[in-house]
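The values are calculated or read from the model by the stated rules, or taken from the named source; none is laboratory data. Worth saying up front: this structure is predicted, and the values here are computed from it rather than measured. For neighbour counting, all protein chains shown are included, and Cβ atoms are generated from backbone atoms with ideal geometry for every residue, glycine included.
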Amino acid sequence: MELLWSVLTDLLTPQGGWSVRLVLRIVLSSLLLLGYVIVLARTFGSRTFASFTSFDFLVNVAAGSLVASAILGNSIVESALSLLVLVLAQWGISAWGARSEAVQETFDNSPVVLVENGQVREGALRRSRVARATLHQTMRDAGVTELPDVKFAVLESGGTISIVKA
(Lines give C-alpha, C1' and ligand atoms only; values in the text may rest on other atoms or scores of the structure.)
Protein backbone atom coordinates (compact mmCIF):
# COMPACT_ATOMS: atom_id res chain seq x y z
CA MET A 1 0.00 0.00 0.00
CA GLU A 2 2.90 2.32 0.77
CA LEU A 3 4.37 1.68 -2.71
CA LEU A 4 1.01 2.49 -4.32
CA TRP A 5 0.74 5.75 -2.34
CA SER A 6 4.32 6.69 -3.30
CA VAL A 7 3.64 6.11 -7.02
CA LEU A 8 0.37 8.04 -6.83
CA THR A 9 2.11 10.95 -5.10
CA ASP A 10 4.79 10.97 -7.82
CA LEU A 11 2.10 11.02 -10.53
CA LEU A 12 0.27 13.94 -8.94
CA THR A 13 3.33 16.04 -8.15
CA PRO A 14 4.93 18.14 -10.91
CA GLN A 15 8.64 17.81 -11.52
CA GLY A 16 10.28 20.12 -9.00
CA GLY A 17 7.21 20.09 -6.74
CA TRP A 18 4.21 22.39 -6.38
CA SER A 19 4.72 26.11 -6.03
CA VAL A 20 2.61 29.24 -6.33
CA ARG A 21 4.81 30.31 -9.24
CA LEU A 22 4.09 27.06 -11.13
CA VAL A 23 0.32 27.31 -10.62
CA LEU A 24 0.31 30.99 -11.61
CA ARG A 25 2.38 30.24 -14.75
CA ILE A 26 -0.01 27.47 -15.80
CA VAL A 27 -3.11 29.61 -15.17
CA LEU A 28 -1.70 32.67 -16.98
CA SER A 29 -0.31 30.73 -19.95
CA SER A 30 -3.63 28.87 -20.30
CA LEU A 31 -5.60 32.11 -20.31
CA LEU A 32 -3.16 33.83 -22.70
CA LEU A 33 -3.28 30.90 -25.11
CA LEU A 34 -7.06 30.70 -24.91
CA GLY A 35 -7.25 34.35 -25.92
CA TYR A 36 -4.66 33.77 -28.65
CA VAL A 37 -6.56 30.78 -30.08
CA ILE A 38 -9.80 32.81 -30.07
CA VAL A 39 -8.07 35.66 -31.93
CA LEU A 40 -6.63 33.18 -34.47
CA ALA A 41 -10.00 31.50 -34.99
CA ARG A 42 -11.80 34.84 -35.40
CA THR A 43 -9.09 36.18 -37.73
CA PHE A 44 -8.72 33.16 -39.99
CA GLY A 45 -12.30 31.87 -39.94
CA SER A 46 -14.34 29.09 -38.43
CA ARG A 47 -12.59 26.38 -40.43
CA THR A 48 -9.31 27.05 -38.59
CA PHE A 49 -10.14 24.72 -35.70
CA ALA A 50 -12.93 22.68 -37.30
CA SER A 51 -12.54 19.14 -38.59
CA PHE A 52 -13.91 19.25 -42.11
CA THR A 53 -11.23 16.99 -43.58
CA SER A 54 -8.50 14.68 -42.38
CA PHE A 55 -6.01 17.51 -43.04
CA ASP A 56 -8.04 19.86 -40.79
CA PHE A 57 -8.13 17.13 -38.14
CA LEU A 58 -4.34 16.76 -38.24
CA VAL A 59 -3.91 20.52 -37.91
CA ASN A 60 -6.18 20.44 -34.86
CA VAL A 61 -4.20 17.62 -33.25
CA ALA A 62 -0.93 19.47 -33.86
CA ALA A 63 -2.46 22.72 -32.54
CA GLY A 64 -3.60 20.94 -29.39
CA SER A 65 -0.13 19.56 -28.85
CA LEU A 66 1.43 23.01 -29.33
CA VAL A 67 -1.01 24.58 -26.86
CA ALA A 68 -0.27 21.87 -24.30
CA SER A 69 3.47 22.33 -24.80
CA ALA A 70 3.11 26.07 -24.32
CA ILE A 71 1.06 25.68 -21.15
CA LEU A 72 3.40 23.15 -19.60
CA GLY A 73 6.68 24.56 -20.97
CA ASN A 74 8.71 27.54 -19.86
CA SER A 75 7.86 29.91 -22.71
CA ILE A 76 4.72 30.31 -24.75
CA VAL A 77 6.41 32.36 -27.47
CA GLU A 78 7.78 29.39 -29.48
CA SER A 79 4.50 27.49 -29.32
CA ALA A 80 2.47 30.59 -30.12
CA LEU A 81 4.63 31.28 -33.19
CA SER A 82 4.41 27.63 -34.25
CA LEU A 83 0.64 27.72 -33.83
CA LEU A 84 0.46 30.87 -35.95
CA VAL A 85 2.52 29.21 -38.71
CA LEU A 86 0.30 26.13 -38.56
CA VAL A 87 -2.89 28.23 -38.76
CA LEU A 88 -1.48 30.30 -41.64
CA ALA A 89 -0.53 27.12 -43.51
CA GLN A 90 -3.99 25.62 -42.93
CA TRP A 91 -5.66 28.86 -43.99
CA GLY A 92 -3.50 29.09 -47.13
CA ILE A 93 -4.04 25.47 -48.13
CA SER A 94 -7.82 25.66 -47.57
CA ALA A 95 -8.03 28.94 -49.55
CA TRP A 96 -5.90 27.47 -52.34
CA GLY A 97 -7.94 24.27 -52.29
CA ALA A 98 -11.14 26.29 -52.70
CA ARG A 99 -9.71 27.61 -55.99
CA SER A 100 -7.88 24.52 -57.27
CA GLU A 101 -9.36 21.07 -57.68
CA ALA A 102 -5.87 19.51 -57.74
CA VAL A 103 -5.00 21.05 -54.37
CA GLN A 104 -8.37 20.04 -52.95
CA GLU A 105 -7.84 16.44 -54.08
CA THR A 106 -4.36 16.45 -52.54
CA PHE A 107 -5.44 17.62 -49.09
CA ASP A 108 -9.11 16.60 -48.85
CA ASN A 109 -10.69 13.17 -49.02
CA SER A 110 -13.18 12.79 -51.84
CA PRO A 111 -16.73 11.80 -50.89
CA VAL A 112 -17.46 8.09 -51.39
CA VAL A 113 -20.90 6.75 -52.32
CA LEU A 114 -21.60 3.78 -50.04
CA VAL A 115 -25.23 3.16 -51.00
CA GLU A 116 -26.90 4.09 -54.27
CA ASN A 117 -30.63 3.55 -54.85
CA GLY A 118 -30.87 1.06 -51.98
CA GLN A 119 -27.88 -1.00 -53.16
CA VAL A 120 -24.82 -1.22 -50.93
CA ARG A 121 -21.53 -0.74 -52.76
CA GLU A 122 -19.49 -3.43 -51.03
CA GLY A 123 -16.20 -2.37 -52.60
CA ALA A 124 -16.67 1.20 -51.43
CA LEU A 125 -17.44 -0.01 -47.89
CA ARG A 126 -14.28 -2.12 -47.84
CA ARG A 127 -12.01 0.60 -49.32
CA SER A 128 -13.43 3.17 -46.90
CA ARG A 129 -13.22 0.76 -43.97
CA VAL A 130 -16.83 1.44 -42.99
CA ALA A 131 -18.58 -1.40 -41.20
CA ARG A 132 -22.14 -2.28 -42.18
CA ALA A 133 -23.11 -1.73 -38.54
CA THR A 134 -21.86 1.87 -38.79
CA LEU A 135 -23.82 2.39 -41.99
CA HIS A 136 -26.99 1.00 -40.41
CA GLN A 137 -26.52 3.15 -37.30
CA THR A 138 -26.24 6.25 -39.48
CA MET A 139 -29.35 5.18 -41.38
CA ARG A 140 -31.27 4.83 -38.09
CA ASP A 141 -30.01 8.24 -36.97
CA ALA A 142 -31.49 9.62 -40.20
CA GLY A 143 -34.81 7.88 -39.56
CA VAL A 144 -34.30 5.19 -42.21
CA THR A 145 -34.64 1.52 -41.31
CA GLU A 146 -34.54 -0.23 -44.70
CA LEU A 147 -31.89 -0.02 -47.45
CA PRO A 148 -34.48 0.45 -50.26
CA ASP A 149 -35.43 3.72 -48.51
CA VAL A 150 -31.90 5.10 -49.08
CA LYS A 151 -31.28 6.96 -52.32
CA PHE A 152 -27.66 7.69 -51.37
CA ALA A 153 -25.39 7.13 -48.39
CA VAL A 154 -22.20 9.13 -48.81
CA LEU A 155 -19.05 9.04 -46.71
CA GLU A 156 -18.18 12.74 -46.69
CA SER A 157 -14.65 14.14 -46.74
CA GLY A 158 -14.88 14.95 -43.02
CA GLY A 159 -15.69 11.37 -42.09
CA THR A 160 -19.43 11.68 -41.52
CA ILE A 161 -21.96 9.66 -43.46
CA SER A 162 -24.82 11.57 -45.12
CA ILE A 163 -28.08 9.79 -45.87
CA VAL A 164 -30.37 10.96 -48.69
CA LYS A 165 -33.76 9.33 -48.43
CA ALA A 166 -35.43 7.83 -51.52
(request) Being in contact (Cβ under 8 Å) with a residue 12 or more places away in the chain and under 17 Å from Gly158 (Cβ atoms) is the filter here, so list the residues in region 125-140 that pass it. (result) Ser128, Val130, Thr134, Leu135, Thr138
(request) Can you work out which of the residues in region 117-135 that are surrounded by 15 or more Cβ atoms within 10 Å (Cβ to Cβ) and over 23 Å from the mean Cα position of the chain (by Cα) is farthest from Phe55 (Cα to Cα)? (result) Val120
(request) All but one of (1) modelled with pLDDT under 80; (2) crowded, with 16+ Cβ neighbours inside 10 Å hold for Ser75, so report the exception by its number. (result) (2)
(request) Return the only residue of Ser79, Ser75 being farther than 30 Å from Ile161 by Cα and in a helix (DSSP H, G or I). (result) Ser79
(request) Quick one: in region 148-166, of everything that is of a type in the set (A, V, I, L, M) and modelled with pLDDT under 95, which residue is farthest from Ser94 (Cα to Cα)? (result) Ala166
(request) Could you please find all residues in region 97-110 being loosely packed, with under 15 Cβ neighbours inside 10 Å and modelled with pLDDT under 90? (result) Ala98, Glu101, Ala102, Glu105, Thr106, Ser110
(request) Mind listing whichever residues of region 4-39 are outside any helix (DSSP H, G or I) and loosely packed, with under 10 Cβ neighbours inside 10 Å? (result) Gln15, Gly16, Gly17
(request) Output the number of residues of region 82-116 satisfying the condition of being part of a helix (DSSP H, G or I), among the small types (Gly, Ala, Ser) and over 22 Å from the mean Cα position of the chain (by Cα). (result) 1
(message) I'd like to check something: does region 48-69 contain any residue that is in contact (Cβ under 8 Å) with a residue 24 or more places away in the chain, in a helix (DSSP H, G or I) and farther than 30 Å from Glu105 by Cα?
(response) no
(message) Testing Pro148 on (1) buried (at least 18 other Cβ atoms within 10 Å of the Cβ); (2) in contact (Cβ under 8 Å) with a residue 12 or more places away in the chain, one condition comes back false. Which one is that?
(response) (1)
